[in-house]
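The values are calculated or read from the model by the stated rules, or taken from the named source; none is laboratory data. Keep in mind the model is a prediction, meaning the values are calculated, not measured. Methodologically, a virtual Cβ is constructed for each residue, glycine included, from the backbone with ideal geometry; neighbour enumeration extends over all protein chains shown. Side chains included, ligands, DNA and RNA excluded: accessible areas come from the protein's heavy atoms. Shrake-Rupley method; radii C 1.70, N 1.55, O 1.52, S 1.80 Å.
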Amino acid sequence: MKWLLRQMTGKCELQRIFDTYVGAQRTHRIENSLTYSKNKVLQKATRVVQSEVDKCVDDIMKEKNINPEKDASFKICMKMCLLQITGYKQLYLDVESVRKRPYDSDNLQHEELLMKLWNLLMPTKKLNARISKQWAEIGFQGDDPKTDFRGMGILGLINLVYFSENYTSEAHQILSRSNHPKLGYSYAIVGINLTEMAYSLLKSEALKFHLYNFVPGIPTMEHFHQFYCYLVYEFDKFWFEEEPESIMYFNLYREKFHEKIKGLLLDCNVALTLKV
């Protein structure tokens, strides 16, 4: 079939994809075409490091006999796709590296980041001591927040600070809503839980369509943080719309929200951005 199409159009499968598709659909089809190709040069293309992308594009063009004068856009399109494909793999490695780093109370940077979170969320209230029951006011479980970061490491704290710093008024609003007498929840604990959700979606490759549409080049930690912010904002809305009987049902509603997000991410045109 591929041979027949090549004879009819004078173009290889990769060129036909570029002619037919745009956005995430294009990158996804290019990725599949390269991955399942019998040609070793093409197979290797999805695993190259970013510094080798230009050479890799030249090798593909040579291998598929693509004349740059006849198809001037091929090189640009293939480079963008490869940067997205290899960038996604690198982003997962970067996120995993931060997640594996435990919160260390002897690390001054970690401690400063934790204090920054308090000051962003409670600008008019002084923290009386580093170990304090006051941490419960922003949704930590115990007197020392470091124990709550075990699952997601320093990544959980970085995400909490990122949202509070970049969407300060929204963070204050959500923190206030989290203290609702009937529908309240632990703001920081839920935030860490949503870091785990963002991480698991990235790891399972469910974020590919979103990132391929949202980022026209190399996805970075910044884009991962942005997706986390979207989850925090949307989960708060979802929680209050659902009106759970009690916080005891958190896992049930968390999974319901998770399924909703996974459904949205199946759309090849998806780009989940926080709109405030």
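Points worth noting:
- Among Ile189, Ser200, Asn65 the positive-end extreme of the charge dipole of the chain (Cβ point charges): Asn65
- Here each label is just a point 7 Å from Cα along the line to Cβ, and for Lys79 and Glu196 those points are 4.3 nm apart.
- Sequence-separation-based contact order of segment 123-276, relative, with Cα cut under 8 Å and 6+ spacing, percent: 24
- The distance between label points at Ser246 and Val41 comes to 6.6 nm (points 7 Å beyond Cα on the Cα→Cβ vector).
- Segment 235-276: trypsin sites (Lys or Arg not before Pro) in DSSP coil with no more than 15 other Cβ atoms inside 10 Å: Lys275
- Enclosed volume per residue, in Å³, of the convex hull spanned by Cα atoms of segment 75-227: 122
- Take every Cα pair under 8 Å whose residues are at least 6 apart in sequence, average their separation, divide by the length of segment 15-113, and the relative contact order is 24 percent.
- For Gly139, the residues whose amide H sits under 5 Å from its own are Tyr187, Ala188, ignoring neighbours fewer than 5 places away on the same chain, with H placed 1.01 Å from N.
- Paramagnetic label reach from Asn107 (point 7 Å along Cα→Cβ; backbone nitrogen cut-off under 19 Å): within segment 141-161, residues 144-161.
- Cβ-derived FRET efficiency at R0 51 Å, Met122 paired with Asn269, nearest 0.05: 0.80
- The residues of the chain have, on average, 53 Å² of accessible surface per residue, using a 1.4 Å probe with all protein chains present.
- Using a probe of 1.4 Å on the protein chains alone, the accessible area found for Ile189 is around 40 Å².
- Taking only the alpha carbons of the chain, we obtain Rg and Dmax values of 22.7, 76 Å in that order.
- Approximate spin-label separation Glu52-Glu69, in nm, with each point projected 7 Å along Cα-to-Cβ: 3.1
- Carbon and sulfur %, accessible surface of the chain computed with the full protein complex present, 1.4 Å: 52
- Within the shell defined by Cβ-Cβ distances under 12 Å, the residues around Gly153 carry a net charge of +1, with Lys and Arg each +1 and Asp and Glu each -1.
- Remark: relative contact order (the chain) = 19 percent; criterion is Cα-Cα distance under 8 angstrom and separation of 6 or more residues.
- When the listed pairs Lys40/Lys64; Lys100/Lys237; Lys100/Lys203 are checked against a 22 Å cut-off, the alpha-carbon distance exceeds it for Lys100/Lys237.
- The fraction of all Cα pairs in segment 76-153 landing in successive 5 Å bins from 0 to the largest distance is 3, 13, 18, 18, 12, 9, 8, 7, 6, 4, 2, 0, given as whole percents.
- Of the trypsin sites (Lys or Arg not before Pro) in segment 44-103, the ones in a loop by DSSP (not H, G, I, E or B) with at most 12 other beta carbons within 10 Å are Lys70, Lys100.
- With the largest listed first and rounded to whole Å, the semi-axes of the equivalent ellipsoid of segment 154-276 from the Cα gyration tensor are 24, 17, 12.
- When nucleic acids and ligands are ignored and a 1.4 Å probe is applied, Thr124 ends up with an accessible area of around 140 Å².
- Descending principal axes extents, segment 207-274, alpha-carbon based, whole Å: 44, 22, 16
- Sites matching GluC sites (Glu not before Pro) across segment 26-91 that sit in DSSP coil, with at most 13 neighbouring C-beta atoms within 10 Å: Glu69
- Rg/Rh for segment 6-67 (Cα atoms only, Rh after Kirkwood) is 0.95.
- Solvent exposure of Ser51, expressed as accessible area, is near 110 Å², computed with a probe of 1.4 Å over the protein chains only.
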